[in-house]
Each structure stands twice: as C-alpha cells, then as structure tokens.
Amino acid sequence: MLDRRDLLKSVSLLGAVSYGVPARANATDRVAPSPDPEVASGPSPREVLSLNKGWRFFEGDIPFPKILGHGWSYANAKAGSAWGAAAASYDDTEWDSVTLPHDFASFQVPNELENLAQGYRKRGIGWYRNLLKFEESDRGKHIELQLDGISTHATIWLNGTLINRNWSGYNSICVDITPYLSYGSALNSLVVRVDADAMQGWWYEGAGIYRNTWIVKRHPLHIETDGVFAHPVKTGDQWQIPIEVTLNNTTDRPQSAEIVSSLVDAAGRVVSTCRLTAQLPPMQTGVVTGRMSVQYPTLWDIDSPYLYQVRTQLIQQGHVLDEVVTPAGFRTQSFDPDKGFFLNGRPVKLKGVCIHQDHAGVGVAVPVGLLEYRLHRLKDLGCNAIRCSHNAQDKAFYALCDRMGLLVMDENRVFNPSPIHMAELEWLVRRDRNHPSVILWSVFNEEPMQGTEQGYQMVRRMVAKVKALDTTRPVTAAMNDGLFTPVNVSQAVDVVGFNYQYQNYDAFHKAHPTLPITSSEDCSAFMTRGEYKTIKDKHIIASYDDDAADWGTTQRVGWKAIAERPFVAGTFVWTGFDYHGEPTPHQWPSNSSFFGIMDLCGFAKTAFWMRQAMWCSEPVLHLAPHWNWAGQEGQDILLMALHNMDEVELFLNGRSLGRQTGDRYEMNRWSVAYAPGKLSAVGYRGGKVVKRFEVETTGAPVQLKLTPFRPLMKGDGIDAQPFTVEALDAKGRHVPTAQHSVRFTVEGGDIIGLGNGNPNDINREKGDTRALFNGLAQVIVQTREGQSGPLVLKAMAEGLKTATLRIDVQAAQPWPYQAVSKSVQITENWRRAPEQAGPLEPHLRPKDNDMNSWGWFRAGVPFPAPDRDTEVLCAVEVEPYAKVRKSGGVIECLGLLGPATLYIDGQKVAEKASDDSAPLSAPFPKGAGKHWVSLIFRARGGQPFGFTDVVRIRA
Ligand code: GAL
C-alpha cells in the first residue's frame, strides 16, 4: 500500500499532474480487493457464492393480472402461487441479460422533466428474474440469500412465494431460503420487483439491484450472518476482546459444539485464542459469549492501520462446521468536551468529508476497484475521516477504511424508532461494529423534530438500540437546529453533531460544557473544476472559494472556525466529491452538485489543494488558475496560492510580483496582468525555500494521454478502475482548456461508464464517447472473467494523436458463482385427480370452486406405491412462452416412473410403456392461449410411480 506522503509528493509535482490528473498508485502488486471482505482465504466450510450473474431485467412495471374467479382467488392467498411476473414460470426470455451490480437509472440521459434531486434521471420500476440451481448435495445445508443493496423498495419472491419486502435502499436483505428450495434438475425462480420511484433522499439514489448479491451455504448448525462481535477494548492497561457469537440451529435435534475464536496477526500468527461451548435446541438461535486477553497488541491508527483478524470456528467432533473472519483493530477512542477527539490517547482533529455513494458513469453501482480509487483520492487530500451521509455504504467500504486508516461516522438512514426502521438501525450496527475505522454511530441527519420532545424520545430509543449492540462508540445525531430548545436531541446523544451553525459553537459549548461536539457537516461551498470566472447564466462557479450556500461558508472560513476551537472535534466538509443530483444553487441543465472538493470523477478542484494546505503539515504549494489565457493579454487575472508556507513569492517570466506573508486560512492572492509564459511560486518556511510550483502557458493540444489509477488489474470480471484522459501539447504539457470530444475503444475489457466532472453536461454517461471538460475526462473499464494479458485502451479525438495504453491483466481465480440457468419454462402447480371408478378421461380438469378433491404437487418426487393397480391422472394448465406460441416447441417430461400417457388438451401426444424412470417428450403446438397438459399413469400395486423430475416446455 502506498504511503500517504508518497501520494502527496506525487500530487504536488510540477508539470502535467498539476491540474488534477489523479496520482497513480504505483505499487506493482496492488490489485483490487475482494468485494466480500468476510470470506476466509483458503478452504472454508462456508460457501459464499456470488449471485451477480444470469439475471434478466425488464425496465418498467408489469402490472399483476386482475384476479378473477374462485380458483385463482384461493390460490392467490397461498404460498408458492405468485402470479404475473412474480410467477416462477413467467416468460422472461425476451428480457435483457444483466450482470449485477446494476443501476438502471445510470443508463438514463438526464431529462428536464425528471427530479433534479435524482440528477434528472428517470428511475421508475424494474423487474429482475433469475433461475437458481442447487445440487442434490446441497440438500440439508442452510442456504441464505443475501442482497447487499436495492434501490429503493423491493419485493422478492422465491419459487412463487413472497419472501421479503424491503423498504430501505441502503440496507442488505438476508433471507433463509432453505425451506423454499428444490434440488437436482429443478430450477428455483428468484424474482425481484424494484420500485425506485420511492425516494429516501434528496440526492441521486440510483435504481435497481445496485450492490452485490450472494448465496451463502452453511451447515444447518452455523454462525448467523453478522453473528460475530469481537471488537478489542482496553480496560486500564489490559487489552481484551469480548467475543459474542450468535448461533443458529436449523437441524432437527439439539446440538452441542465448540466455538474457537483466534486472534490472528497480519503475518498469520495466532496470538490469542478463546474456546467456548454451546448447546442449542433445534430451530433456536443462541448467543455465546467469552473473552480473549491480548498482551501488547500492535495498535491500529490512521497512519499505521495495523489489522488483526478474528477467525471464529464452530467445531463439532473435530469437524469445522462453519467459519467467519472479522477484522480487529486495537485502538482506543474518546471524545473530550474541551479537547475534541482522541485516538490511542492522542488528540486527532477530524479532517473529514461527507460523501454520497455514487460516481461518474456508474451511478451507485460502484465496483470495489472504483471505491478503492475514491478512498485513495480522499487520502491524497489529507482527509482522515468520512461521514457516510446519509446512509450505510457497501460493506467493502468499511473494510477499505480499516485497511487505509480512515475514520468513519456511520449513519442510519431513516429517523424512526418504529419496528421496521429499528431493524434497519440494528442491521447497521451489527454489520459494522467490528470495524476499527468506525468511531461514531449517527442516528439521523437534520430532522425537523430534533428540537422537540418527540424527537428527543425517538432518539432515546434509537440510542438504546445502538448501545444494546455496541457500547464502545458514542452515538451522535447531525443537528441543524433545535440545539437550545428546552427538550431536544442533544440531550439524548453522546456527541452533538453540528450541521453548519458555526455561530453556535461557542454558545453551545458554554451552555453545555460537558457535552462533546463535532461538526457533522459544514461548508457547502461551490466551485466548478477548472473554471475561474463565475458566469451565472451558464451555471459556472469560479474556483477561488468565494461562493457557498446561504447556510454554509467557504472552505477556508469553515475550517478556521473549527481549527481554532479545540472543543470542536473536527470537520465533515460537505462534500468530498460532487455527486449526481442536488445541483444547488442551480437547476437544469445542471444535474450534479457543485459542493465537492473533487468533482464527480475525483479530479481535484482548487479546494483540493486548499484543503491539503490547511490539513497537512508537509509543504504544499499550488497556484490557481492555469496560465492559458490567450486573447486576454494585459488583462488582470486573479491568482491564488494554495499553500501552507510562511511566505510565498510569485514570479512571472522570472520577474518578481512580490513576496507575501502567508495566511494559513486565507491563502494569498495577486492580481496579475496576463502575459504568456511561466508563472512560478516559491514557498518559504523559516526564511528557507521549501517548495516551488510552476505553471506554463501551453501550446495547442496535439495528443491525448491516458493514465490508469493502477498499473495492474485482475482478470476476474469484477475488477474495474478509472483511467484519466487528458490533452497534451507538443511539449507533453497538460492543456487545461482542452474540450475535445474523445472516443474510446477497449480490447480485453468493457467500458462501464464515462465522466468528465462537468455538472452541466447532459450527455448519457454510458457508451464510448465523452468530451474533455477543462482538460480532463474519465473512462471506467472493467476486466473480463478468465482474461489475462494486456487490456488495450485507446482514446481518439479529432486532430489529436491517439493515446494507446496497455495494462497488464493478471489471471485471477474466478469468484465462485452460484449456478444459474437461462430462461426455461418449468410447469408448476400440478393437480392430481381424485380416484375415479372406471377409466379416466384425459380431458378431466378440476372445477374452479373445488379446492379439496384434487391434490396439489410439484413435479419431481414420485407418488407412494398404491395397494392395487390403478390409474392416476395429473394435470396442469400452462400458457407457453412467446417463442413456443409463435413457432411451436417441445414438452419434456424429464423423468416419469411407470407407464404413462401424455395428453395436450385431451389429445394423446406420447406414451411410455416401461416401468422404470425415463423421459418422455412430444411436440407442443403453436398458437395463442392456455393449454391443459395431462398425464395418466397406469400405476401398479406396490410400486411407486409418477414424476422423478420436472416437466418443461421449450422452443
Ligand atoms: C444539508 C444536508 C445535505 C445537503 C447539504 C447541501 O442540509 O444535510 O444532505 O443537502 O445540506 O448544502
């Protein structure tokens, strides 16, 4: 991993990198992290299979058919009988094939008629379907479906049974699907209806199954999901890890087992172990607790984020039944009402940013490699903390923050202690409480009830819920009002979060000297990257840090107010990156925000160097703007030095323009009559030159250049990373004013999104073409599974030399995937006719109001042997898929035991005479409408008969 100082060095170099081409991660062995941080490396009895493949997607709603008649009304009320697109046998063969994560709003062109909050992207409703296959050997396992994030309301059916309704676009959904499953050649239909018209925020929320999905197979005696809590605590001089393991027994008998938790250091050595025993009755959940003592652990800190792992095994008679790996970092934390935040006993000012989760090009479906890039950009900035505003992030985010030494304020979305929302809060704390990076739980952001008795009572309950799960971190709430009312939320939290309200820091501290406070949100300052003149009607905001929202303030004033008050634990600047939506202070065509220290691609705005200068002690010196002002010779240009020097001297073409005493908060400005050439700044500390910066007037652009974030990628079809494209002049200098349209091609990978950081660009962020915006654009490329060798990316623009970049793609073990099937029609809801005297009529079918004389079954399991020879009729009503209706097809009974005759609409179509289990098939007629398929078995006394497999119809 790169040292932050290296990154700082590389971003403050002279020349081409000066105007925001992100520093390249140069360690050759760095590849993207795994999307599931909890999977043990090496063999594990727990199988974690990605379910990201094989999905079919329909954008739009598919209304449920109106239920009519008794038979349908009755069936509609039953498990396994979902109708319409939720039915297992619904025809989805014409739907699009998609691989998750998938944000269908990110494919939209911004449209003035849509909501500005959502980046003017249409969201709407979408349906996803998949067919899952489980082997006979999976029978008996505990199988869980995990969906890490769906925007926004989701309804989920498995094999025609509604298994979940989820109301949050930010929490994961875990369902024990074992009872619904069929094994062998049977297919299991999983259907998700997503309603993304529902909004939970006032920012871009995306649409669809936008995070990873998993199938987790475990022993039926197992550790529950998020069921290990093992976060180190220090009491006096002693370090301990209290262990809490939640077990679940879905076997049919009482079980006893041993639980062994081991603390493993970064070199893989076991440094402490805790052994516990558990007894658990069938179908019960139980919690087992214990503790581990640890002598002299290596501490986790922001500059040295040393991580241990706790490996928890569930063992029965020497067999490991289940295993979970959780991160562990040894660190102490406290908030002092006078001195702010302490990490490991040392004061640490929180230099934080608020972020939303979307990125240019991909919306909220952010691959882990791109997430890593974003966090590296924040490290480059000198940031040490992130607020997850205003919702949980993907689980990979927290693992990366642990690894990179970033502190996290983890935030709950919905302020409401009612059971469904309390469950969301509980999920958040359970999932994230092992991460050393997490230092604060935030229960809300800016709630109008914050200054009321009701708000206070609501927060008390939410705080109690958090404390029941984790007492090691304080609870906060981000308040933008109500701090001084007689009953308010600040009385119910451990740390008071201030959104804006700079004028109240002192008054509140004076009135409540024992209450720690932090900014939870500040600034909301505006700038457009690479622009230096505000042009209101073009929605352009100059980058001199002169503009902020009415409720906010500039980067410099905001930081000064916090930096000079030791009792304010720190800042969380609104925001680290621009995000889609909320284009305040503008509206259409602006469709992303202006608040970011970086733009939507993670390219630096002037605020980036400003923050570096204010936050870091290493020398920082940078000049804004660029020095390409052809046509404005002799006119005054406002120049700003972003620096942390004692003094700065400025030179134009070797002539001094004066030496100014530096102001750490204000920065320094000059007004300089433009003349092309070289502008340079020399920075002094203690009278000595410690830093120089130069910017030159460039020539016209002649070529393009591509720069990757990482020099190496993994050929697993998951890894993705951004590439920066820029225009250079004949001397290889970055041209900050180039606006060329650039077309990309890629061999050995796929473009998954494009961006340029221009909040006013209304082009779609997909495809292969994007204009440079003030010299820069970004293309995000994903590898393909099974690929190794070079990925070749080309960037082309009219009149410029093409840039070609080869990136090594390392062969990678493919992520294990759940087996899925392409769309196929399986007949379902079979009925068995009651025994009849005399021969059976093949056209016999159940009466619509008769619920009781005909039986129900799923084809696949034979019937028990009758006492005597008899005939049994089974029937099912089917509506063939479109292709069969158009051209006809084949009906395939994959396994029939005993002699049987197959009929379609009462007409005999095939016959089987043998006693053993064998397939039987026949042509299926074309034409619209429903058909009755019947089978008459000639069962023999004492011999089982019937279906040993499914019956399907294919084109
Ligand atoms: C805050 C809010 C943020 C964002 C910001 C813009 O009030 O918490 O989500 O809207 O304002 O200034």
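Once C-alpha pairs closer than 8 Å and six or more residues apart are averaged by separation and normalised to the residue number of region 794-949, the relative contact order reads 27 percent. Calculated [222 nm] ellipticity per residue, helices only, for the chain: -3000 deg cm²/dmol; basis is -39500 (n - 2.57) per DSSP H run with n ≥ 4, divided by all residues, nearest 500.
Counted by Cβ distance under 12 Å from Lys926, the other residues give a net charge of +3, where Lys and Arg count +1 and Asp and Glu count -1. The alpha carbon convex hull volume per residue for region 444-515 rounds to 79 Å³. Taking Cα atoms only, the orientation of helix 368-381 departs from the longest principal axis of the chain by about 20 degrees. Ranking of Lys605, Lys678, Lys66, Lys339 by solvent-accessible surface, largest first: Lys66, Lys339, Lys678, Lys605 (1.4 Å probe, protein heavy atoms only, all chains present). Region 303-451 has equivalent-ellipsoid semi-axes of 26, 21, 19 Å, by the square roots of 5 times the alpha carbon gyration tensor eigenvalues, sorted largest first.
Suppose R0 equals 35 Å; then what is the FRET efficiency for Glu911 and Asn76 from their Cβ-Cβ distance, rounded to the nearest 0.05? Plugging the Cβ-Cβ distance into 1/(1 + (r/R0)^6) gives 0.50. Taking the longest Cα principal axis of the chain as reference, the axis of helix 395-404 is set at about 40 degrees. Only protein heavy atoms count here; on that basis, with a 1.4 Å probe, Asp226 has an accessible area of about 30 Å². Mind running the shape call on region 821-937? Use the C-alpha gyration tensor, a ≥ b ≥ c as the square roots of the eigenvalues: rounded below 1.5 for a/c, prolate if a/b tops b/c, oblate otherwise. Prolate, because a/c is 1.5 or more and a/b exceeds b/c. As an equivalent ellipsoid, region 227-295 spans semi-axes of 28, 13, 9 angstrom, where each value is the square root of five times an eigenvalue of the C-alpha gyration tensor, largest first. Putting +1 on Lys and Arg Cβ atoms and -1 on Asp and Glu Cβ atoms, find which of His512, Ser917, Leu371 reaches farthest to the positive end of the dipole of the chain. Going by the Cα projections, it comes out as Leu371. Per residue, the chain exposes an accessible area of 37 Å² to a 1.4 Å probe, with every protein chain left in place. Neighbours of Ser788, meaning other residues whose beta-carbon lies under 14 angstrom from its beta-carbon, give a summed charge of -2 when Lys and Arg score +1 and Asp and Glu score -1.
Here region 613-732 is assigned +1 on the Cβ of each Lys and Arg and -1 on the Cβ of each Asp and Glu. Its dipole about the Cα centre then comes out at about 300 debye.
In region 790-841, Cα pairs under 8 Å separated by at least six residues give a relative contact order of 24 percent.
For the chain, the relative contact order comes to 11 percent (Cα pairs under 8 Å, sequence separation of at least 6). List the pairs from Lys714/Lys766; Lys395/Lys883; Lys217/Lys794; Lys133/Lys926 whose alpha-carbon separation is above 32 Å, in the order I gave them. Cα-Cα > 32 Å for Lys395/Lys883; Lys217/Lys794; rest within. Computed from Cα positions, the angle between helix 606-615 and the longest principal axis of the chain comes to roughly 80 degrees. Basic side chains Lys and Arg get +1 at the Cβ, acidic Asp and Glu get -1 at the Cβ, and with that the dipole of region 752-908 about its Cα centre reaches some 760 debye. Think of the chain as a dipole: +1 on every Lys or Arg Cβ, -1 on every Asp or Glu Cβ, centred on the Cα centre; then among Leu639, Ile241, Gln357, Leu639 lies furthest on the positive end. Across all directions, the average flat footprint of the convex hull enclosing the Cα atoms of region 855-899 is 4.4 nm². Protein heavy-atom surface of the chain, 1.4 angstrom probe: 50% of the accessible area is carbon and sulfur, with nucleic acids and ligands not counted.
Measuring r between the beta carbons of Glu666 and Thr471 and using R0 = 30 Å, the FRET efficiency lands at 0.10. Here the chain is treated with +1 on each Lys and Arg Cβ and -1 on each Asp and Glu Cβ, and its dipole about the Cα centre works out to around 1120 debye. Once you divide the Cα radius of gyration of the chain by 2.2 N^0.38 Å, the number left is 1.06. Checking the Cα-Cα distances for Lys847/Lys908; Lys538/Lys605; Lys122/Lys822 against a 20 Å cut-off, the pairs over it are Lys847/Lys908; Lys122/Lys822. The alpha-carbon atoms of region 295-338 define a convex hull whose volume equals 126 cubic angstrom per residue. Answer rounded, prolate or oblate for region 202-325, using the Cα gyration tensor with square roots of eigenvalues a ≥ b ≥ c: rounded when a/c is under 1.5, else prolate when a/b is larger than b/c, else oblate. Verdict is oblate for region 202-325. Summing charges over neighbours of Tyr306, with a neighbour being any other residue whose Cβ is under 14 Å away from its Cβ, gives -1 when K and R count +1 and D and E count -1. Peptides 782-793, 754-765, 588-599 ranked from most to least packed, by the mean per-residue count of other Cβ atoms within 10 Å: 588-599, 754-765, 782-793.
The values are calculated or read from the model by the stated rules, or taken from the named source; none is laboratory data. No experiment lies behind these values; they were computed from the predicted model shown. Reconstructed Cβ throughout: ideal geometry from the backbone, glycine too, with neighbour counts over all protein chains shown. Quick note on the areas: whole protein, heavy atoms, side chains included, nothing else; ligands and nucleic acids left out. Shrake-Rupley method; radii C 1.70, N 1.55, O 1.52, S 1.80 Å.
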